[in-house]
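Worksheet: the structure to be examined is printed underneath.
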Amino acid sequence: MSTPITEIVLEHLAGKLPAPFELVDVEWSKMGADHVLSVLIDKPDGITLQDTADLSEIISPELDKISPDPFPEDYLLEVASPGAERPLKKAADFIKHIGDYIFVKLYQKVAGEKEFVGDIVGFNDDILTLTYLDKTRQKTVDIELSNIAKARTQVKL
């Protein structure tokens, strides 16, 4: 679930990154005594360490422009790749990952379950269609986007 800070940052940074970079997600967390703002960025051929350094120089001044300032006095900015288990939030994310193996956690049960791991077979009219293995049988389930609490690509072992 998004915090007010992540929503403010996502809204503020939307459209401000140079092509071909894509703002994937923003996460606000506490690590020990530190507050950490993780800005997850991607591009078609992957993110390099130099990319994260360059983007930090773009993102940090943009965050300073947010008024009123939503951050505690001291926080750490982390610009990183979403990694192999990339968060899926928008309809476009699910469409882009049709055919991929994902993990989905729901707000309300569907087919008696609140969590699914399976392959995206379609996404139409804000409905995710997923195939998954139930014991030994493959099943298909339709899930409304509004019922998805969390979703991410999953590494298939």
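The values are calculated or read from the model by the stated rules, or taken from the named source; none is laboratory data. On a predicted model such as this, the values are computed, not experimentally measured, just so you know. Neighbour counts run over all protein chains shown; Cβ positions are idealised from the backbone, glycine included.
Scanning segment 119-148 for residues that are hydrophobic (A, V, I, L, M, F, W, C), part of a strand (DSSP E or B) and at pLDDT 95 or above yields 120, 121, 123, 127, 128, 130, 141, 143, 148. Scanning segment 25-37 for residues being surrounded by fewer than 16 Cβ atoms within 10 Å (Cβ to Cβ) and among the charged types (D, E, K, R) gives a total of 2. Hey, does segment 114-125 have a residue that's outside the structural domain of residue 9 (by TED's automatic domain parsing), surrounded by 17 or more Cβ atoms within 10 Å (Cβ to Cβ) and among the acidic types (Asp, Glu)? Yes; the residues of segment 114-125 include at least one that is outside the structural domain of residue 9 (by TED's automatic domain parsing), surrounded by 17 or more Cβ atoms within 10 Å (Cβ to Cβ) and among the acidic types (Asp, Glu). Hey, any hits in segment 37-51 for a residue that's under 18 Å from the mean Cα position of the chain (by Cα), over 18 Å from residue 5 (Cα atoms) and in a strand (DSSP E or B)? Within segment 37-51, one or more residues are under 18 Å from the mean Cα position of the chain (by Cα), over 18 Å from residue 5 (Cα atoms) and in a strand (DSSP E or B).
Looking at 48, 6, 52 in this structure, which one is in contact with a Phe, Trp or Tyr (Cβ under 7 Å, 6 or more places away or on another chain) and among the polar types (S, T, N, Q)?
6
Within segment 52-84, being within 19 Å of the chain's Cα centre (by Cα) and charged (D, E, K, R) holds for one residue alone: 78.
Here 62, 115, 73 are screened, and the one residue that is on the phi < 0 side of the Ramachandran plot and in a strand (DSSP E or B) is 115.
Within segment 46-60, the residues that satisfy the criterion of being modelled with pLDDT of 90 or more and either farther than 13 Å from residue 78 by Cβ or in contact with a Ser or Thr (Cβ under 9 Å, 6 or more places away or on another chain) (or both) are 47, 48, 50, 51, 52, 54, 57, 58. Listed by first and then second residue, the pairs linking a residue in segment 1-12 that is modelled with pLDDT under 80 to a residue that is part of a helix (DSSP H, G or I), with Cβ atoms under 9 Å apart and 6 or more places separating them unless they lie on different chains, are 2/10. Taking segment 127-139 as the range and being in contact (Cβ under 8 Å) with a residue 12 or more places away in the chain and either surrounded by 13 or more Cβ atoms within 10 Å (Cβ to Cβ) or not assigned by TED's automatic domain parsing to the domain that holds residue 99 (or both) as the test, the residues that pass are 127, 128, 129, 130, 131, 132, 139.
Evaluate the following for residue 25: is it in contact with an Asp or Glu (Cβ under 7 Å, 6 or more places away or on another chain) and closer than 25 Å to residue 148 by Cα?
no
Table: residues versus (1) exposed (fewer than 15 other Cβ atoms within 10 Å of the Cβ); (2) among the β-branched types (Val, Ile, Thr); (3) touching a strand residue (DSSP E or B) at 6+ places or on another chain (Cβ under 9 Å).
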| position | (1), (2), (3) |
| --- | --- |
| 14 | yes, no, yes |
| 39 | no, yes, yes |
| 52 | no, yes, yes |
| 70 | no, no, no |
